[in-house]
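Here the structure is laid out as structure tokens; the discussion comes afterwards.
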Amino acid sequence: MGYTTAMWLGFGGALAAVAGALTGLLFVAISVKSNVLAASLSLRAAQTLVLFMISVLIAILLVAPQPSAALGWELLAVAAVSGLALLILGRRAGHSPDERVPRYIERFSPNTTTAVLVAVAGLTFLIKAGGGLYWLIPAVLASLVGGVVNAWLFLVRVAS
């Protein structure tokens, strides 16, 4: 089942709805608070957007009619591009030394975890061994939960 795309259409549809709604809410929150977002916080908002968009892209790829090999390679591409984007945004955003809780959460953030899990899903799907698309479940959970935590962190910082 982890290597048959037809079985994952329902998951892709549900994921598209959830990730799309969270992405839309993020845009609303950013637009409401855009005048008080500092440069580092806008980079955190961009990280959050990337995390949500990983799930949106996975959902689109799952429901698109395409050959199985294409899905595997596309998942690897999503992992590489999103992992690089999250790394660059995280480095540019930095953090101030007086923010202990956000620094702790950032150290254990799902940014790297999400990209690695998507890459594992793509690779194991291509070689038809090791779990295949089942790796997408923890990947999208990390992506969505991480995005919500990131959004909460930067919105709390903006509010204070």
Q: Test G2 against the criterion of being of a type outside the set (V, I, T), at pLDDT below 85, closer than 24 Å to F125 by Cα and open to solvent by less than 70 Å² (accessible area, probe 1.4 Å), and give yes or no.
A: yes
Q | Check on V156, modelled with pLDDT under 90 and open to solvent by 50 Å² or more (accessible area, probe 1.4 Å) | A | yes
Q) Is there any pair linking a residue in segment 110-125 that is crowded, with 24+ Cβ neighbours inside 10 Å to one that is assigned to a helix (DSSP H, G or I) and of a type in the set (D, E, K, R), with Cβ under 9 Å and at least six apart or on different chains, and which? A) G122/E74
Q: Sort out for me the helices (runs of 4 or more DSSP H) sitting completely within segment 35-113 that have 1 or more residues that are modelled with pLDDT of 90 or more, closer than 23 Å to A14 by Cα and of a type outside the set (D, E, K, R).
A: 39-63, 68-93
Q: Within segment 9-25, track down each residue that is over 18 Å from A64 (Cα atoms) and surrounded by 12 or more Cβ atoms within 10 Å (Cβ to Cβ).
A: L22, T23, L25
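The values are calculated or read from the model by the stated rules, or taken from the named source; none is laboratory data. As the structure is a computational prediction, the values presented were derived from the model and not from experiment. We place every Cβ from the backbone using ideal geometry, glycine too, and count neighbours over all the protein chains shown. Please note that ligands, DNA and RNA were not included when accessible areas were found on the heavy atoms of the full protein model with its side chains. Shrake-Rupley method; radii C 1.70, N 1.55, O 1.52, S 1.80 Å.
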